[in-house]
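Input: a single structure, listed below in structure tokens.
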Amino acid sequence: MTILPLDGVSVLDFSTLLPGPLASLILSEAGAAVTKLERPGSGEDMRHYPPDWDGHSAIFALLNSGKSAEALDLKSPEALGRLEPMIKGADVLIEQFRPGVMERLGLGYEVCRRINPKLIYCSITGYGQNGARAGKAGHDLNYMADAGLAALTAAAEGPAQVPPVLAADIAGGSYPAVINILLALRQRDRTGEGCHLDIAMTDNLFPFAFWAMAGGLAAKDWPSPGQGMLAGGSPRYRLYRAACGGLVAVAALEDKFWAAFSSAIGLEETGGAPEQV
């Protein structure tokens, strides 16, 4: 019998849509027992998203496979009474409401910590638990724009494009949540104490602009759309339209790869730094 890394770990998931559910799915696939809390009746909105697959949302099925579900009206007077034993027995709690909502429901971190001092309480939001934008609503594209990444999707001439991936939700929310939950579980092994994890999706996008930040902070050379070695400013790292109508992805940054590519297509090799040619 295979023992999975998170066998014996119990997770309560209050989240909806993509960031939290994907995080708890990753934990579930590693062996954690995940219980998803949903509103009575229709459940969470994602249950009704197309495409339909045998009477069920394919998207919801992909994100919530292997989890159990409990219907509970969090605003009802008996909600905390039903949840208290679940919180007491949980290792991890994931929530994705705007700051203050869980407190108003009587389920804030301090309340849950008193019930279970070992609980790892993970909050995923767009802008974090504190600060001027903490209470603002948003979606993936808003967070991409606020981090400066959306503007860099444009060519040197032309409008910015809507990114084809939900990078803020996944790379800014789901994955940092999982990483920090695992770190917190390891820390709890040593201290015996839980903690509150503040996962801010916008903040977690800044590492994806490391090259832009390095140039801007060190040389005051902030990239413009379509400029910069990794943003279409170099012919060595760019998408080219082929005669058949498809696209060719060229990422020959190093001289040896550029020489090989130039030779392969019959292009006279051009010297110089990657950002210049």
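The values are calculated or read from the model by the stated rules, or taken from the named source; none is laboratory data. These numbers were taken from a predicted model, which means no experiment stands behind them. A quick note on method: Cβ atoms are made from the backbone with ideal geometry, for glycine too, and the neighbour counts reach across all protein chains shown.
In table form, for the structure just shown:
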quantity: Pick from the range 182-229, criterion charged (D, E, K, R) and in contact (Cβ under 8 Å) with a residue 60 or more places away in the chain, ranking: nearest to LYS118 (Cα to Cα); calculated: GLU193
quantity: Cβ pairs under 6 Å, 6+ apart, first in the range 243-264 and farther than 18 Å from GLY232 by Cβ, second surrounded by 10 or more Cβ atoms within 10 Å (Cβ to Cβ); calculated: ALA259/GLU269; SER262/GLU269
quantity: Within the range 91-104, tally of residues that are hydrophobic (A, V, I, L, M, F, W, C) and surrounded by fewer than 24 Cβ atoms within 10 Å (Cβ to Cβ); calculated: 3
quantity: Helices (runs of 4 or more DSSP H) wholly inside the range 161-277 that include at least 2 residues being assigned by TED's automatic domain parsing to the domain that holds MET144, modelled with pLDDT of 95 or more and touching an Asp or Glu at 6+ places or on another chain (Cβ under 7 Å); calculated: none
quantity: Count - residues of the range 154-173 that are surrounded by 18 or more Cβ atoms within 10 Å (Cβ to Cβ) and either of a type outside the set (A, V, I, L, M) or touching a strand residue (DSSP E or B) at 6+ places or on another chain (Cβ under 7 Å) (or both); calculated: 3
quantity: Considering residues of the range 243-266 that are over 31 Å from the mean Cα position of the chain (by Cα) and more than 23 Å from GLY228 (Cα to Cα) only, the residue surrounded by the most Cβ atoms within 10 Å (Cβ to Cβ); calculated: SER263
quantity: Tally of residues being assigned to a loop (DSSP other than H, G, I, E, B) and at pLDDT 95 or above across the range 139-154; calculated: 1
quantity: Elements of type strands (runs of 3 or more DSSP E) in the range 31-118, at least 1 residues being within 12 Å of PHE14 (Cα to Cα), in the same structural domain as ASP169 (by TED's automatic domain parsing) and without any contact (Cβ under 8 Å) to a residue 40 or more places away in the chain; calculated: 33-38, 68-71
quantity: ILE3 vs. criteria closer than 24 Å to VAL178 by Cα and assigned by TED's automatic domain parsing to the domain that holds ASP198; calculated: no
quantity: Flag if LEU80 is at pLDDT below 95 and surrounded by 13 or more Cβ atoms within 10 Å (Cβ to Cβ); calculated: yes
quantity: Residues of the range 9-21 that turn out to be under 18 Å from ARG98 (Cα atoms) and not in a loop (DSSP other than H, G, I, E, B), as a count; calculated: 5
quantity: Out of ILE115, ILE124, ILE120, sole residue that is farther than 24 Å from PRO77 by Cα, at pLDDT 95 or above, more than 18 Å from the chain's Cα centre (by Cα) and surrounded by 15 or more Cβ atoms within 10 Å (Cβ to Cβ); calculated: ILE120
quantity: Failed criterion for ASN142 (all others in (1) in contact with a helix residue (DSSP H, G or I) (Cβ under 7 Å, 6 or more places away or on another chain); (2) surrounded by 17 or more Cβ atoms within 10 Å (Cβ to Cβ) hold); calculated: (1)
